[in-house]
Amino acid sequence: MQRLVFFIVALIVFSSCDKEELPVLPHDSGDIVSQQIELGQDYRYQVFYDLGTNVVVSQNLKTDWDLGFESSNQGYHIILNSSTYSALSYVEDDSFDDIITTNNLDWSWDNPNGVLDSTAFGDYRALDGFFVIDRGYNIDGSLRGYKKIIIDSVTPEHYLIRYANLDNSDLYTLQVDKNVNVNFTSFSFSDNAIVNIEPNSSDWDLLFSQYTYLYSDTTIPSYLVTGVLSNSLNIAIDTVNDFEDINYDMISNYMFNNDRDHIGFNWKEYNLTAGEYTVFPEINYIIQDVELKYYKLHFLDFYNNQGVKGYPRFEVQEL
């Protein structure tokens, strides 16, 4: 018995010493790399970007889709295409089969923070009415028109929807099958079909795009801005340290936020006097990507070599 106790004590002591003497390997940072994203002078493109590979995963015209349907088995939320300034109005005093006008409709927009309970559709499952969608604007600024829509059912595999023009023309019933590999299954009224917009949720980190921003000032409730949304990543902002000085050991000092618009559009500002955008490279973003690696990123420009706006350029480095 005494030998057993001695063996256990010796093992504990040895293990404790062994842990203390384990070498702490330095964390090797990646190289600083640069990237320029092509949104176009009229901001026509949406660009999905991956931090780990520093590549554009996919790109689409912002008018290629209208609605995004939450794709998880338990998902039921629906998002608007905020890059076209789409808006939504709930109608409960009329029948879906009635001819509808847009007079006296109250409009709502999705909150760009990505909180699904803050979408314009909200939890519609217990509602008896239907929705009117303002599809926003085309790339040339012309109106895309209106649709009315009702969600008849939601299952773990699909949504069943009915939609039409406000005068009941072009009535369709469609089953929107969920693609569980993406956050949202995209749908286009123009194509009357599901369209491939979002890459697989594990393949991208940042979305460069126009989107609708909500102001607390009710005189300007919403506005179309150009910036960066994330794949609901943890992001911190550092305006104190220089980009070159930020390292892996500083991560625990930051307060992270996973709002989709935490990077947003405030890394630049329009100068009315100069008639151009000014970028603030002193704003640094610390980002944990979908692979749980940490990066630092800051913007350097909003113009290409020809002086055309809509080409955000930035530096990024793995910490």
Would you be able to say whether some residue in the stretch 205-218 is surrounded by fewer than 16 Cβ atoms within 10 Å (Cβ to Cβ), modelled with pLDDT under 95 and of a type in the set (D, E)? yes
Suppose the filter is closer than 19 Å to D191 by Cβ and among the basic types (K, R); does R144 pass it? yes
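Every residue, every condition in (1) out of contact with any Leu (no Cβ under 6 Å at 6 or more places or on another chain); (2) in a strand (DSSP E or B); (3) surrounded by fewer than 17 Cβ atoms within 10 Å (Cβ to Cβ), yes or no:
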site: G30; (1), (2), (3): yes, no, yes
site: S34; (1), (2), (3): yes, yes, yes
site: L39; (1), (2), (3): yes, no, no
site: Y43; (1), (2), (3): yes, no, no
site: V47; (1), (2), (3): yes, yes, no
site: N60; (1), (2), (3): yes, yes, no
site: Q74; (1), (2), (3): yes, no, yes
site: D93; (1), (2), (3): yes, no, yes
site: F96; (1), (2), (3): yes, no, no
All-but-one check, I150 against (1) closer than 24 Å to K178 by Cβ; (2) within 24 Å of the chain's Cα centre (by Cα); (3) of a type in the set (A, V, I, L, M), failing number (2)
Anything in the stretch 106-126 that is in a loop (DSSP other than H, G, I, E, B) and either free of Cβ contacts under 8 Å to residues at least 12 places away in the same chain or assigned by TED's automatic domain parsing to the domain that holds L207 (or both)? List them, or say none. G122, A126
Checked S188, S230 against criteria (crowded, with 16+ Cβ neighbours inside 10 Å, of a type in the set (G, A, S) and not assigned by TED's automatic domain parsing to the domain that holds E38); the one match is S188
Quickly run through the stretch 127-153 and pick out the residues that are assigned to a loop (DSSP other than H, G, I, E, B) and farther than 14 Å from T63 by Cα. L127, D128, G129
If we scan the stretch 72-82, do we find a residue that is at pLDDT below 95 and farther than 26 Å from P312 by Cα? no
Would you point out which residue out of D177, D170 is of a type outside the set (V, I, T) and farther than 18 Å from E70 by Cβ? D170
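The values are calculated or read from the model by the stated rules, or taken from the named source; none is laboratory data. Computed from a prediction, not measured in an experiment: that's the story for all the values here. So basically every Cβ, Gly included, is an ideal-geometry build from the backbone, and we count neighbours across all protein chains shown.
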